[in-house]
Amino acid sequence: MNDEYKIPNHVGIIMDGNGRWATERGLKRSAGHAAGYKTLKKLAVHILNKGVKYLSVYAFSTENFKRDVEEVNYLMNLFVSKFKDEKDYFMKKNIKVVFSGLKEPLRNDVWESMQEISEMTKNNDGGTFNILLNYGGQSEIVEATKKIVSDVINKNISIEDINTESFSHYLFQDLPPIDFMIRTSGEVRVSNFMLYQIAYAEMYFPKVYFPDFDEKEFDIALDVYNKRDRRFGGIKK
Ligand code: IPE
Ligand code: IPE
Ligand code: MG
């Protein structure tokens with residue numbers, strides 16, 4: 001038995017339950033998103049400080065555009081203001097911020113604030129913080145496929161060059177597979193989250209709503225991860 005405490009290389013979090021957190025307190029759903037952001041800001045640094053190299057968080061799915069325009073606008077405004085305000089914070093923490101998702105139909109100011117923070121932090125090497133915004137796992141795979149087809153047509157690669165490893169380089173961000181996926185709020189589904197990257201992820205579904213998923217909750221999650229026996233299709237020796 002290897003007793004060494006394992007730190008996952010890539011953690012993915014489906015930050016769910018902001019709305020219910022607020023509703024149960026008699027607050028507007030937007031208050032839940034503001035509380036969720038506060039949690040995320042501290043949590044991201046805590047997770048990367050633990051030695052996790054990559055952290056991917058689901059901030060807004062392509063399907064979330066189905067929500068009331070008031071809620072969508074609140075979230076988009078929150079993104080713009082936080083990406084502008086927090087540039088220095090992520091510089092100080094030496095964290096590289098990247099994004100995964102489609103440009104359309106995001107507002108220009110949202111897209112520009114995303115470009116700004118990723119450009120400013122691109123040389124930081126204290127961990128990669130991948131924010132999924134206007135993201136869908138199926139469209140990520142479809143977009144990758146289109147780029148691959150175009151590379152084959154333009155003879156940049158041949159069909160024989162396509163394999164599960166090379167395919168992953170065509171995704172929105174070229175990141176290693178997810179080792180540990182956490183979805184807060186008790187829902188047990190993946191809702192289009194990083195479908196390619198979670199192939200062998202360990203999964204954990206704590207009941208707490210995301211605003212209450214603090215550093216202590218993450219440390220409990222890490223303990224759960226450490227009790228898992230990852231076999232990747234092999235047989236335990
Ligand atoms: C997750 O919380 C945040 C986003 C999807 C933007 P929800 O807003 O989905 O909260 P619930 O699931 O309604 O409680
Ligand atoms: C997934 O949560 C998306 C994010 C956390 C951003 P949802 O609340 O949108 O997912 P469903 O609708 O419960 O599947
Ligand atoms: Mg939800």
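The values are calculated or read from the model by the stated rules, or taken from the named source; none is laboratory data. If you're wondering where the values come from, they're calculated on a predicted model, not measured in any experiment. Note that we place each Cβ from the backbone using ideal geometry, even for glycine, and neighbour counts take in every protein chain shown. Note: areas computed on protein heavy atoms with side chains; ligands, DNA, RNA excluded. Shrake-Rupley method; radii C 1.70, N 1.55, O 1.52, S 1.80 Å.
Some points to look at:
- Subset of the range 160-178 (residues that are in a loop (DSSP other than H, G, I, E, B) and either open to solvent by less than 50 Å² (accessible area, probe 1.4 Å) or not charged (D, E, K, R) (or both)): Ile162, Asn163, His169, Tyr170, Leu171, Phe172, Gln173, Leu175, Pro176, Pro177, Ile178
A quick yes/no check of all residues on (1) more than 14 Å from ligand 3 (Cβ to nearest atom); (2) modelled with pLDDT of 95 or more; (3) among the aromatic types (Phe, Trp, Tyr); (4) closer than 30 Å to Asn108 by Cβ:
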| position | (1), (2), (3), (4) |
| --- | --- |
| Ile7 | yes, yes, no, no |
| Ala34 | yes, yes, no, yes |
| Ile47 | yes, yes, no, no |
| Tyr54 | yes, yes, yes, yes |
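- Odd one out for Ile235 among (1) buried (at least 16 other Cβ atoms within 10 Å of the Cβ); (2) more than 28 Å from His46 (Cα to Cα): (1)
- Taken over the range 20-36, residues that are touching a residue at least 12 places away in the same chain (Cβ under 8 Å), open to solvent by less than 90 Å² (accessible area, probe 1.4 Å) and either closer than 20 Å to Val80 by Cα or more than 14 Å from ligand 1 (Cβ to nearest atom) (or both) amount to 6.
- Within the range 61-86, the residues that satisfy the criterion of being of a type in the set (S, T, N, Q) and away from ligand 3 (no atom under 16 Å from the Cβ) are Asn73, Asn77, Ser81.
- Single match in Ser118, Ser113, Ser185, Ser100 (criterion: at pLDDT 95 or above, more than 22 Å from Lys87 (Cα to Cα) and of a type in the set (Ser, Thr, Tyr)): Ser185
- Hey, Ile157 in contact with an Asp or Glu (Cβ under 6 Å, 6 or more places away or on another chain) and either assigned to a loop (DSSP other than H, G, I, E, B) or in contact (Cβ under 8 Å) with a residue 12 or more places away in the chain (or both) or not: yes
- Some residue of the range 140-154 being open to solvent by less than 20 Å² (accessible area, probe 1.4 Å), more than 23 Å from Lys42 (Cα to Cα) and of a type outside the set (A, V, I, L, M): yes
- Subset of the range 179-203 [within 15 Å of ligand 2 (Cβ to nearest atom) and either open to solvent by 40 Å² or more (accessible area, probe 1.4 Å) or aliphatic (A, V, I, L, M) (or both)]: Met181, Ile182, Glu187, Val188, Arg189, Val190, Ser191, Met194, Leu195, Ile198, Met203
- Residue that is nearest to the chain's Cα centre (by Cα) [pool: residues in the range 2-13 that are open to solvent by 10 Å² or more (accessible area, probe 1.4 Å) and of a type outside the set (Asp, Glu)]: Asn9
- Identity of the residue in the range 11-48, assigned to a loop (DSSP other than H, G, I, E, B) and of a type in the set (A, V, I, L, M), that ends up nearest to Asp214 (Cα to Cα): Met15
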